[in-house]
1. V82 - would you say it is touching a residue at least 12 places away in the same chain (Cβ under 8 Å), closer than 18 Å to W154 by Cα and touching a Gly at 6+ places or on another chain (Cβ under 8 Å)?
2. Looking at the stretch 5-29, which of the residues that are assigned to a helix (DSSP H, G or I) and polar (S, T, N, Q) is farthest from L85 (Cα to Cα)?
3. Checking the condition aliphatic (A, V, I, L, M) and more than 16 Å from L101 (Cα to Cα), which residue from A24, A46 passes?
4. Which residues, taken from the stretch 30-60, are in contact with a strand residue (DSSP E or B) (Cβ under 6 Å, 6 or more places away or on another chain), farther than 24 Å from K150 by Cβ, not hydroxyl-bearing (S, T, Y) and not in a loop (DSSP other than H, G, I, E, B)?
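Every number in this text was worked out from the coordinates using simple rules, so none of it is lab data. This is a predicted model, so every value here is computed, not measured. Glycine also receives a Cβ, built like all others from the backbone with ideal geometry; neighbour counts cover every protein chain displayed.
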Amino acid sequence: MTADNRYFYEPSKGHGLAHDPLNAIVGPRPIGWISSRNAEGQRNLAPYSFFNCFNYKPPIIGFASTGWKDSVANIVETGEFVWNLTTRGLAEQMNQTSAMLPRGQDEFSFAGLTAKAGTIVKADLVAESPVNFECKLSQCIQLTAANGDKIDTWLVLGEVVAVHIAKHLLNAEGIYQTALAEPVLRAGGPSAYYGITEALRFDLHRPQV
């Protein structure tokens, strides 16, 4: 501890804690449940906890993969992928798709999920998920450290070209009901996730200046 009662560390020298707190502090985070196909048409489905939305028009979403995993390889090969919303009811199946299966083994089948053909892209949707974004690859960027060293982590950005939303998640005014979908968010440590409830909602309006 420092004199002001704050824990301090420099990441390059280690954090000295039981588990890296970074992804607990920057959290909870939406889950990038990414489905893809390789050039031979083999399916892949995997969750990524470093995921978010980065632009409105055109809509751009992205996820980061530590290592050149099947999802990244498939997306670079085909230029397409699908993001599928993870809900509380699908959390266990999402977790199943994180298993390190042999290349080419179908995570949809392994987790007992239904693959549904995309409308625009060839990658499959998780049919059980109430929201799906069909995406076209816009950029695949290898991250670098501040000193310019390349890191074995890849940021995949995709333009959302088609959106599927279960109609029960839209109210009479056409406003998407975030809590009603019961999204699952990744937190820190080896196993922590969180949900969202309407009771936790609060509203803020941007100041008019």
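1. On the way: touching a residue at least 12 places away in the same chain (Cβ under 8 Å): yes; closer than 18 Å to W154 by Cα: yes; touching a Gly at 6+ places or on another chain (Cβ under 8 Å): yes.
So V82 fits the description; yes.
2. Taking the stretch 5-29 and keeping what is assigned to a helix (DSSP H, G or I), we get 11-13, 22-25.
The next check asks that each one be polar (S, T, N, Q); those that pass are 12, 23.
Values: S12: 34, N23: 20 Å.
Filtering the stretch 5-29 for residues that are assigned to a helix (DSSP H, G or I) and polar (S, T, N, Q), the one farthest from L85 (Cα to Cα) comes out as S12.
3. Details: A46 fails: more than 16 Å from L101 (Cα to Cα).
After ruling out the rest, the residue left standing is A24.
4. P30, W33, R37, R43, N44, L45, P47, C53
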